[in-house]
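Just below is one structure, and these are the notes that go with it.
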Amino acid sequence: MVFVHDPASEEKFVTEDHGVKRHRVMYNDFVLVGPKSDPAGVADGKNITAALKKIAKAKAPFASRGDNSGTHKAERRLWQAAKVDLENAQGPWYREMGSGMGATLNTAAQMNAYVLTDRGTWLSFKNPADLTILVEGDERLFNPYSVILVNPTKCPNVKKDLGQAFIDWLVSPQGQKAIGAYQIGGKQLFFPNANANS
């Protein structure tokens, strides 16, 4: 099974018969984190594309995961929506790390750079240095998570029964309650939404 957060890729995965069915499980949101000094002047904004345009214009340091993950794909879509051509705009200010979220946040903290992260990882991050949330609340920062059983007819080694049992638990009232109850520092990281399945 795969537990992921990139709806377009998930739908393609199922449409191409690699997965059996996509189940919504939970959501949180992305936030734009950056240095408290905020050299691009994006603080307290609610418009993520306006913030990204300002960062690109200022050529302020930006740390990207650069790893083709769900977060990286979301970030690339947001740059595109901001009409920032990263292929031509790239320079020392925009750095692709090729690493996971924790490592990218660590690098951003060292570089005093902006970075897009999911709120759950940010809340559990132990080394914020001078970084703080600068942009949040834009509906385009919504971050849904789904689970999909890998198609056992294409991948005969898939442990179908175990995978389906875990999926059934995740979307059950008990699993949804456990997800909603999970907190770090008194803050809820994920919000269950299995009942939003269509």
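The values are calculated or read from the model by the stated rules, or taken from the named source; none is laboratory data. Since we're looking at a predicted model, the values are computed, not measured. FYI the Cβ positions are ideal-geometry reconstructions off the backbone, even for glycines, and counts take in every protein chain you see. For the accessible areas, the whole protein counts, side chains as well, though only heavy atoms, and no ligand, DNA or RNA atoms are used. Shrake-Rupley method; radii C 1.70, N 1.55, O 1.52, S 1.80 Å.
Structure above, values below:
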| quantity | calculated |
| --- | --- |
| Answer from Ile184, Ile133 - the residue that is in contact (Cβ under 8 Å) with a residue 40 or more places away in the chain and touching a strand residue (DSSP E or B) at 6+ places or on another chain (Cβ under 7 Å) | Ile133 |
| Close pairs from the range 11-37: first free of Cβ contacts under 8 Å to residues at least 60 places away in the same chain, partner assigned to a strand (DSSP E or B), Cβ under 9 Å, at least 6 apart | Glu11/Arg22 |
| Candidates Asp85, Asp67, Asp161, filtered to the one that is in contact (Cβ under 8 Å) with a residue 24 or more places away in the chain and of a type in the set (Asp, Glu) | Asp67 |
| Filter result for the condition that a residue is within 30 Å of Val147 (Cα to Cα) and modelled with pLDDT under 95, over Val20, Val25 | Val20 |
| Test: residue in the range 129-144 that is touching a Gly at 6+ places or on another chain (Cβ under 7 Å) and farther than 30 Å from Ala50 by Cβ | no |
| Residues of the range 106-115 classified as within 30 Å of Glu11 (Cβ to Cβ) and either of a type outside the set (Ser, Thr, Tyr) or assigned to a helix (DSSP H, G or I) (or both), total | 1 |
| In the range 188-198, the residues that are open to solvent by 60 Å² or more (accessible area, probe 1.4 Å) and assigned to a strand (DSSP E or B) | Phe191 |
| Residue in the range 149-171 that is modelled with pLDDT of 95 or more and of a type in the set (Ser, Thr, Tyr) present | no |
| Those strands (runs of 3 or more DSSP E) lying entirely in the range 1-89 with at least 2 residues open to solvent by 40 Å² or more (accessible area, probe 1.4 Å), of a type outside the set (A, V, I, L, M, F, W, C) and over 20 Å from Ala113 (Cβ atoms) | 19-35 |
| Gly66 being on the phi > 0 side of the Ramachandran plot and touching a strand residue (DSSP E or B) at 6+ places or on another chain (Cβ under 9 Å) | yes |
